[in-house]
Each structure stands twice: as C-alpha cells, then as structure tokens.
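Asker: Have a look at the structure that comes next, please.
The values are calculated or read from the model by the stated rules, or taken from the named source; none is laboratory data. These numbers come from a predicted model, not from an experiment. Heads up, the Cβs are rebuilt from the backbone with ideal geometry, glycines too, and the neighbour counts pull from every protein chain shown. We work out accessible area using only protein heavy atoms, side chains counted, and drop any ligands, DNA or RNA first. Shrake-Rupley method; radii C 1.70, N 1.55, O 1.52, S 1.80 Å.
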Amino acid sequence: LFKIAPYTQMFYTREHSLKDFGSWHYLINRLGWERIGEYDELILCNDSVYGPLFDLPAIFKQMEVRGYDFWSMTSDYAYNYHLHRYFMVFNQTITRHKTFQNFWKSVPMSYSVKNCELALTPLLLNEGFVCNSYIHNYKQKDILQSPNKILRDVYPPFIKTKSFMAENEYTAGSGLGLRYKIRTKTDYDTALINRHIAQNGAPQTWGQRLVKLSGI
C-alpha cells in the first residue's frame, strides 16, 4: 500500500469473498455517490492483467471522441453482449443515474459473473446509454483467450495474467511467443511478469520455467 500512496488520494483494504465487484462495492460505499458524481469518469479495474503495454491517454481521447457513455478495453458476445470487467469506464451521466447506483446494492447478496459482469452492460443499454469496447469483438469467444492473435492483429493495452499460467483457457502455449511479441512490439518490461509469477507461486508453463532458469 505504501508503494501506491504517492499516486493516490486515499486507499482502503478489506478481506472478503466477492472478488472484484465486491471490492468496488466496498469502495463505492466508502466514497458515496455524491462524491463519485463530482468526477468526470469512474474507472473500475482489477489486477487480472499485465500492462499497460501502450500509453492510455491516447485510448481515453479516442473513446471520448466517439462519445460513449461507458466503455471497456475488450468485450464479447458469450451469453450476451457485455464489456469485460478488468477495465471499465463510466461517465458522469451514468454514475449519477439511479439504475447504475441501484445495481451496486445487489452485489453483496447475489455475486456471480452472470449477475455482475454479464448483467451490467445490458442493464445500462436498456436505459439508453451507449457503449462499446476499444478493441471490437463480434464473436462469442472471449478475445482475451487468443493473446498471441490479439497482439498480432491489434494493440491491446493489457494481456491477461492467466496467459502465462499453465492449463487454463487463456494460456498462450508455453508463453515464450507471447513474451517475445511483448518485448518486440512494446516497451513493457517482461521481467515484471517473471517476478509476479515467481512471487505468487502460480502453476507455470514449461516456457515460464525456462525463462526462470535462463533469465530471458
């Protein structure tokens, strides 16, 4: 917490079982809607990604020009069209709207991906708000599950941490090819990835174990 202190006005921490939406619910209650409504935008993000791989100001400017009420970095059509929760932005019109505020009252009682991430986007669209994702995806499959392809075809600002872990739907093979793309196409320090995985004792691909031994 002391590491982030110079970059924050305040920070809070609390143990709970409701994951990211639970943390946001807790912080929203601490701050209150009146105070949140004073800001131009509310950004909700979590720590399930590495990045930013590219500068964020240009992305914010581009999305502002498009005139969206809320947006995210990526999205998909699995179950229904929805923005991905790891990085979402809501403008002041939404943060002051009762529908958005009432949504957060239900989070502690009925937490699940379906009740939160999948429900929030259609809820706001039904109110007439306009949204989109920075990287467009018109398929049911989560675009983040193809990290090598997304880094080849577009310039995503974030890559899922799971892409470097063993045996899950986001794993990018050994991880060596993805790491090479990040090092050659961006200025992001891949040593941060190595340290994070080592510190958390996460299951590793053979490529990750090779990186650990060779210092790649």
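Asker: Roughly how tilted is helix 191-200, in degrees to the nearest 10 and between 0 and 90, from the longest Cα axis of the chain?
Answerer: 80 degrees
Asker: Is it possible to state the helix-based mean residue ellipticity at 222 nm for the chain, with each DSSP H run of 4+ residues giving -39500 (n - 2.57), the sum divided by total residues, to the nearest 500 deg cm²/dmol? What is it?
Answerer: -10500 deg cm²/dmol
Asker: I would also like to ask the following. Using unit Cβ charges (K, R positive; D, E negative) and no other charged atoms, how large, in debye to the nearest 20, is the dipole of the chain about its Cα centre?
Answerer: The calculation lands at about 580 debye.
Asker: Running Debye on the chain with equal point scatterers at the Cα sites and no solvent, what base-10 log of I(q)/I(0) appears at q = 0.08, 0.12 Å⁻¹?
Answerer: Values returned for q = 0.08, 0.12 Å⁻¹ are -0.31, -0.71.
Asker: Further, regarding this structure: Any chance you could tell me what percent of the C-alpha pair distances in segment 103-167 go past 15 Å?
Answerer: Of all Cα-Cα pairs in segment 103-167, 66 percent lie more than 15 Å apart.
Asker: Name the chymotrypsin sites (Phe, Trp or Tyr not before Pro) in segment 91-147 that are in a loop by DSSP and that have at most 11 other C-beta atoms within 10 Å, would you?
Answerer: Here the sparse-neighbourhood loop sites are 138.
Asker: Taking a cut-off of 21 Å between Cα atoms, list the lysines near residue 105, but don't count ones fewer than 8 places away on the same chain.
Answerer: Straight-line reach from residue 105, under 21 Å: 19, 114.
Asker: Here's another thing I want to ask about it. Taking every pair of distinct Cα atoms and averaging 1/r, then inverting, what Kirkwood hydrodynamic radius in Å comes out for segment 1-96?
Answerer: 15.2 Å
Asker: Could you please put 41, 34, 15, 117 in sequence from largest to smallest accessible area, using a 1.4 Å probe?
Answerer: 15, 34, 41, 117
Asker: Do any chymotrypsin sites (Phe, Trp or Tyr not before Pro) in segment 1-40 lie in a DSSP loop with no more than 16 other beta carbon atoms within 10 Å, and if so, which?
Answerer: Sites meeting the loop and neighbour criteria: 2, 11, 12, 39.
Asker: Report residue 55's accessible area, 1.4 Å probe, all protein chains in place, as a number in Å² to the nearest 10.
Answerer: 130 Å²
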